[in-house]
Structure formats: C-alpha cells, structure tokens
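Input: a single structure, listed below in structure tokens.
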Amino acid sequence: MTATFVDRRRQSREESASVASGKTGRIAWLAIPALVFFIAFAVIPLAGVLILSFTNWDGIGAITPAGFANWAEMLTDPDMYHALWLTLAVMVLSWLVQTPLSLLLGVFTAGTQKYRAVLAVLYFLPLLLSSAAIAVAYKALLDPNFGLGAGLGLPFLSQDWLGNPQLAFSVVIFIIAWQFIPFHTLIYQGGVRQIPRSIYEAAEIDGAGRVKQFFFITIPQLKYTIITSSTLMTVGALTYFDLIFVLTGGGPANATRILPLDMYLLGFRANLMGPASVIAVILVVIGLALALFLQRLGGTDKSSSQLDGM
C-alpha cells in the first residue's frame, strides 16, 4: 500500500512537471515575435554600424574597407573628446536639475486633492510637444532683438542667449529639464502611490513630521524608482539631437556640439559614414555601460524597497 502511494505521488509530480513544461513552452512561443523585432531593428542595425565603422563610405558610392583607420582617427581627434565631454556634462547637469525637481513634484502630485490632479495635467503638457517645436519656440522667445525680452522691455531677457557659449549651454540644460521633468514626475508619482500608507501612519504615531517622513520613508522606498528614472535620464542624454540641432546647430563655437549631433554632422554633412559609425558605436557602449552600472546599484531584489518597514 505504501509503495502504491509513493508511485501515485511520483506520477502526480511527473504530470505536474509535464503541464508546467507545456505552459512554459507555449509562453516561450509568444516571445518569438518580440525576439524577431529585436533582432531586425536592434541587433542587425547595430551590427551594420559596427561593420561600417571599419569602412570608408560617403553614403552614396561604393563601400571600401578601411581597417582601423577610422577608429585611430576618431580616438585621437580632440574634437571628438570635446563632444564627449559636453555629452557627459549635459548628462550630469540635466540629472542634477531634473531629479530633485521631478522627485518633489512627483511627491506633491501623488496627493488625492483635486487641485493636485489638475496641476499634474498642466505639468505634463511640455512632454506632449515635439523637441523641434520646443526648440523653435524658445529660439524665437530668446531672440535678443524680437524675443520676449525685447517685447517686455526686460534687459535681462534681452541677452544673446544663443550666441554666448556659456549661456547657450545653460539654455540647453534648462530646456531639456523643462521638457522631460514632467515624464519623470509621472514616474515618481506612480512610485509614491505604491508606498503602503501604513508606514506613514506608523511614523506619524512615532512623532515623525513631513520632512522626516520624506527623507526616511519616501526616498528609501523610491530607491528603484530613482534608479529607473536615472537610467532613463542618463541614457536618454545620449540621444539628444533634434532639440540642439534646431536650437543652436552645435554652436556657438561648438559649445553645444554633443556626440549625437557630432555623429550627424560627420555622417550627413561631411559624408563620412565611417567616422560617424565609430561615434555611434561609442554611444552604444557608453549607454550599455551606464545602464548596467545603474542596475547593479539596485541589486537583485527589485521589490524589496516597497516592502521595507512592513
């Protein structure tokens, strides 16, 4: 009788394993379309760019091999390092501006009051505009002769914002923050609303005020939300092109010529697809390294921050 019971349990386990294996197999089939799209629109283009970085091509004529000449040229080009430095500066400064403002606005708009919901909608409006349209609007507003400063008679706003290298770079940082803070505000708003209310109630009983609750409950609970937002900010800084292209064109005196814009100007203005492909590969490597580094900061348990203190 004992042997029969053991056999039945073994048979039940085998049937359960068979059913689970069948379900896993069916789910795996559902991932095939996504895998096909990823290979077609990510892996193959990236492989093509990597191959082009070892060739000479003007975008029209025949492609000829160049060996490591393009890499040697770009890795010894001071202009490329200047563009890389500007890209990193945009990345760091935009993160420093966007993160605290997005976090505070996200916490504020996470409330249930109706007026906060209205404000959340108004804050989100800049994200609905295209980068090119924003650049055109700001270019007109900042014009020293016909812009907002001249119209209102305010000398401070009548400066040559886009003609001075330092001012132009600051304007780029400001506009990037103005455009993308709403998106990250929405991320933080969702993260705050997932924090259990019981944690705040316990803190209030212990006598913790709003400031202490923010620093000792809200921020620790938003650890992975901050990492996700920071990943999007830093990696996204490697794709800024249209806004700067329309606003300054990389000037004045290459003060805003970051790597994505440098890649475009080399590839489609100077018809040097090989060197432009080198920059593209460098951007991909930097983006992957940043994303992996930031994800490592979060560890392996992505849900623990929402459970701390429970």
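The values are calculated or read from the model by the stated rules, or taken from the named source; none is laboratory data. Note that this is a predicted model, so its numbers are computed, not measured. Don't worry about glycine lacking a Cβ; one is built from the backbone with ideal geometry, like all the others, and counts go over all protein chains shown. Ligands, DNA and RNA are excluded from the accessible area calculation, which covers all protein heavy atoms including side chains. Shrake-Rupley method; radii C 1.70, N 1.55, O 1.52, S 1.80 Å.
Collect the residues in the stretch 200-218 that are of a type in the set (S, T, N, Q) and within 27 Å of the chain's Cα centre (by Cα), keeping them in residue-number order.
Pass one, the stretch 200-218, residues of a type in the set (S, T, N, Q): 213, 218.
Within the stretch 200-218, just 218 meets the criteria.
Look through 181, 205, 134, 199 and report the one residue that is within 24 Å of residue 83 (Cα to Cα) and not polar (S, T, N, Q). Talk me through it step by step, then tell me what you get.
Numbers: 181 fails: within 24 Å of residue 83 (Cα to Cα); 205 fails: within 24 Å of residue 83 (Cα to Cα); 199 fails: within 24 Å of residue 83 (Cα to Cα).
The conditions single out 134.
Residues of the stretch 194-214 being open to solvent by less than 90 Å² (accessible area, probe 1.4 Å) and either assigned to a loop (DSSP other than H, G, I, E, B) or of a type in the set (Gly, Ala, Ser) (or both), which ones? Before the answer, list the steps.
Taking the stretch 194-214 first, the residues open to solvent by less than 90 Å² (accessible area, probe 1.4 Å) are 195-196, 198-200, 202-204, 207-209, 213-214.
Passing the criteria: 195, 196, 198, 202, 203, 207, 208, 209.
Pick out the one residue from 247, 259 that is of a type outside the set (Phe, Trp, Tyr), within 21 Å of the chain's Cα centre (by Cα) and over 18 Å from residue 177 (Cβ atoms). Please lay out each step first, then the result.
Details: 247 fails: over 18 Å from residue 177 (Cβ atoms).
Going through 247, 259 in turn, just one is of a type outside the set (Phe, Trp, Tyr), within 21 Å of the chain's Cα centre (by Cα) and over 18 Å from residue 177 (Cβ atoms): 259.
Considering every residue within the stretch 219-234, establish whether at least one is part of a helix (DSSP H, G or I), more than 14 Å from the chain's Cα centre (by Cα) and of a type in the set (A, V, I, L, M, F, W, C). Spell out how you get there, then give the answer.
Initial filter on the stretch 219-234 (part of a helix (DSSP H, G or I)): 219-221, 223-234.
Applying the additional criterion that residues be more than 14 Å from the chain's Cα centre (by Cα) yields 219-221, 223-224.
This time we only want the ones that are of a type in the set (A, V, I, L, M, F, W, C), so: 219.
Among the residues of the stretch 219-234, at least one is part of a helix (DSSP H, G or I), more than 14 Å from the chain's Cα centre (by Cα) and of a type in the set (A, V, I, L, M, F, W, C), which makes the answer yes.
Which condition does residue 231 not pass, out of (1) open to solvent by less than 70 Å² (accessible area, probe 1.4 Å); (2) under 30 Å from residue 66 (Cα atoms), if it passes all the others?
Of the numbered conditions (1) open to solvent by less than 70 Å² (accessible area, probe 1.4 Å); (2) under 30 Å from residue 66 (Cα atoms), the odd one out for residue 231 is (2).
Filter the stretch 100-131 for residues that are modelled with pLDDT under 80 and of a type in the set (Phe, Trp, Tyr) and give the result.
The one that is modelled with pLDDT under 80 and of a type in the set (Phe, Trp, Tyr): 115.
Residue by residue, here is whether (1) hydrophobic (A, V, I, L, M, F, W, C); (2) within 25 Å of the chain's Cα centre (by Cα) holds:
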position	(1), (2)
45	no, yes
54	yes, no
64	no, no
73	no, no
85	yes, yes
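Pairs, please: C-beta under 8 Å, at least 6 apart or cross-chain, first residue on the phi > 0 side of the Ramachandran plot and in the stretch 263-282, second among the aliphatic types (A, V, I, L, M)?
Qualifying pairs under 8 Å: 271/60.
For the stretch 149-171, indicate whether the set of residues that are modelled with pLDDT of 90 or more, of a type in the set (A, V, I, L, M) and closer than 22 Å to residue 123 by Cα is non-empty.
Yes, that holds for at least one residue.
Could you grab the pairs with beta carbons closer than 6 Å, sequence gap of 6+ or different chains, first residue in the stretch 238-255 and aliphatic (A, V, I, L, M), second one modelled with pLDDT of 90 or more and not in a helix (DSSP H, G or I)?
244/256
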